[in-house]
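Participant: Quick one: structure below, then a few questions.
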Amino acid sequence: MYGMVNSAIKNLILENFGQETWEKIKEDSGVEDDIFISMKANPDKPTYDMAISATKVLEMELGPLLEAVGEYWILYTAREGYKEMLDMFGKNMKEFLQNLNHLHSRVHSVMPDLNPPMFECQIEDDGTILLHYFTERPHLAPMVIGILRGLSKRFDEPAVIEQIAHKAEGEDHDIFKVNVN
Ligand code: HEM
């Protein structure tokens, strides 16, 4: 995973739990400093190791931790130079979610080793959004829920977000239902 993702996890922990807690997580996971270089592509293992160590040190389940990472991701990308990109790909939740693949394509142009997820955005007759999430990586569905929450805050559009299909339970892929009020 690109260093930027690892840095987001690190900063989330530093901002919410402080330096001492971060040092414990870093030591437990055994990750090296170079995985935090934003534009460097890394294997996924250290990212997962760090998340697992964080669940141990913070005594937190992986799901809620990844949801927090997802919600933080929207704030973090905006402040790390991607605010214009976030602005460019939609002026509301619906428009933005329809553009997720375009957004990652744009990111790919600056991060050539990016292996981004793929999304399909299905709009129902009643306006409900069904977001289909495809990835080679396991366990990250809660991160999508967190990102959707972050977007709902960013666009100031209160939304009910629910996962209605779970790859982890044997379904083909994860699906999220988003009802924007
Ligand atoms: C400007 C905003 C964004 C930037 C710069 C960005 C960039 C990235 C980067 C660098 C990765 C790591 C992939 C890799 O290293 O191979 C990633 C992964 C991911 N992105 Fe984005 N992203 C952005 C917005 C979003 C949004 C709005 C979503 C909405 C759901 C999203 C969903 C994900 C997910 C779920 C992953 C985890 C990897 C996976 O599922 O395989 N991203 N993104």
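Participant: Under 16 Å from a point 7 Å along the Cα-to-Cβ line of K91: which residues of the range 151-165 have their amide N that close?
Facilitator: Taking a point 7 Å out along Cα→Cβ of K91, the residues of the range 151-165 whose backbone N falls under 16 Å are 155-157.
Participant: Using Cα pairs closer than 8 Å and at least 6 residues apart in sequence, work out the relative contact order for the range 80-134, in percent.
Facilitator: Computed value for the range 80-134: 24 percent relative contact order.
Participant: Sort out for me the Cα centre separation of the range 21-35 from the range 128-161, rounded to whole Å.
Facilitator: Cα centres, the range 21-35 to the range 128-161: 28 Å.
Participant: Let me check I've understood the local charge: for W22, count other residues with C-beta under 13 angstrom from its C-beta, Lys and Arg +1, Asp and Glu -1. What total comes out?
Facilitator: Charge balance near W22 sits at -3.
Participant: Kindly provide the GluC sites (Glu not before Pro) of the range 98-181 that DSSP labels as loop, not H, G, I, E or B, and whose Cβ sees at most 10 other Cβ atoms within 10 Å.
Facilitator: The qualifying sites are E124, E136.
Participant: Return the distance in nm (one decimal) between the two label points of a simple spin-label model at L14 and R154, each offset 7 Å from Cα along Cα→Cβ.
Facilitator: Each label point lies 7 Å from its Cα, and together they span 2.2 nm.
Participant: Taking only C-alpha pairs under 8 Å that are 6+ residues apart, what is the relative contact order of the range 94-180 in percent?
Facilitator: 25
Participant: Please work out how much length the chain gains when fully extended from D125 to K83, using 0.36 nm per residue of separation minus the C-alpha to C-alpha distance, in nm with one decimal.
Facilitator: 12.0 nm
Participant: Ok, one more. How charged is the neighbourhood of E67? Take every other residue with its Cβ under 15 Å from the Cβ of E67, and add Lys/Arg as +1 and Asp/Glu as -1.
Facilitator: Once all neighbours under 15 Å are counted, the net charge is -2.
Participant: Oh, and also: Determine, for E61, E157, the number of other Cβ atoms within 10 Å of each Cβ, and report the residues in order from fewest to most.
Facilitator: Fewest-to-most ranking of E61, E157: E61, E157.
Participant: With the cut-off at 22 Å, tell me which of the pairs K10/K167; K91/K177; K26/K56; K24/K167; K10/K40 have Cα atoms farther apart than that.
Facilitator: K10/K167; K24/K167
Participant: OK, next. Do you know the relative contact order of the range 8-125, to the nearest whole percent, from alpha carbon pairs under 8 angstrom that are 6+ apart? Present the calculation step by step, with values, prior to reporting the outcome.
Facilitator: Values: 65 pairs, mean separation 23.4, N = 118.
Dividing the mean separation by the residue count of the range 8-125 yields 20 percent.
Participant: With point charges of +1 on the Cβ of Lys and Arg and -1 on the Cβ of Asp and Glu, referenced to the Cα centre of the range 3-60, which listed residue (M4, G18, M50) lies farthest in the positive direction of the dipole?
Facilitator: It is M4.
Participant: If you don't mind, another one. Between V110 and S7, what is the spin-label point distance in nm, taking each point 7 Å from the Cα along the Cα→C-beta axis?
Facilitator: 1.0
Participant: Now for a different question. With the cut-off at 1.5 for a/c, could you classify the range 94-180 from its C-alpha gyration tensor as rounded, prolate or oblate?
Facilitator: It is oblate, given that a/c is not under 1.5 and a/b is not larger than b/c.
Participant: Using just the C-alpha positions of the chain as equal point scatterers, what log10 of I(q)/I(0) does the Debye formula give at each q in 0.14, 0.15, 0.17 1/Å?
Facilitator: At q = 0.14, 0.15, 0.17 Å⁻¹ the computed log10 ratios are -0.79, -0.91, -1.17.
Participant: Could you work out the helix-only [θ] at 222 nm for the chain, with each DSSP H run of four or more residues adding -39,500 (n - 2.57) and the total divided by the number of residues, to the nearest 500 deg cm²/dmol?
Facilitator: Per the formula, -16500 deg cm²/dmol.
Computed from the coordinates by the stated procedures, all read-outs in this text should not be read as laboratory data. All figures in this text were calculated on a predicted structure; none of them were measured in a lab. With ideal geometry, Cβ positions are generated from the backbone for all residues, glycine too; neighbour counts draw on all protein chains shown.
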